[in-house]
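J.: Sharing a structure below in structure tokens format, with a few things to ask.
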């Protein structure tokens with residue numbers, strides 16, 4: 001008989017260690033099986049829970065260039081298409097983007113203005129606000145000096 005076929009008897013410590021190793025492996029396999037079952041159950045629950053929110057289709061009833069009709073009830077969530085509809089056309093019709101013309105030329109004493117956005121919802125200003133506002137503060141005098149009002153139309 002070859003050495004591989006012939007097994008040496010294990011000592012008491014070796015048998016004890018082998019028993020511990022088998023017990024550990026059984027525990028590990030049981031844990032793996034339990035995790036797989038748990039994952040399968042979770043994916044089934046997830047499939048059941050996933051419901052698409054009902055989004056009402058927005059229909060703009062405001063005539064182009066007219067002030068937006070705000071009589072309809074507000075939606076449950078923010079819909080930019082619904083909120084911003086018709087405002088831009090109304091602003092254009094009101095002439096908000098046109099300069100004041102005096103004697104065929106834009107009014108000289110105009111105001112060059114860059115609006116600054118409000119702070120976050122928390123009301124806390126951060127470095128991003130400072131950087132943005134610093135850039136705007138640099139652009140403003142440059143625009144006033146190098147670009148007369150006529151060229152900024």
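J.: Has region 101-110 got any residue that is modelled with pLDDT under 65 and either closer than 30 Å to residue 64 by Cα or under 36 Å from the mean Cα position of the chain (by Cα) (or both)?
T.: Within region 101-110, one or more residues are modelled with pLDDT under 65 and either closer than 30 Å to residue 64 by Cα or under 36 Å from the mean Cα position of the chain (by Cα) (or both).
J.: Let me ask something additional. If only one of 30, 39 is at pLDDT 90 or above and assigned to a helix (DSSP H, G or I), which one is it?
T.: Only one candidate passes the filter, namely 30.
J.: Which residue pairs have Cβ atoms closer than 9 Å, lie 6 or more positions apart in sequence or on different chains, and pair a first residue in region 51-78 that is at positive phi with a second residue that is at pLDDT below 75?
T.: No pair meets every condition.
J.: If residue 89 satisfies all but one of (1) at pLDDT 70 or above; (2) surrounded by fewer than 10 Cβ atoms within 10 Å (Cβ to Cβ), what's the number of the condition it fails?
T.: (2) is the only condition that residue 89 fails.
The values are calculated or read from the model by the stated rules, or taken from the named source; none is laboratory data. Everything numeric here is computed off the predicted structure, so don't read it as measured data. Cβ: placed from backbone, ideal geometry, glycine included. Neighbour counts: every protein chain shown.
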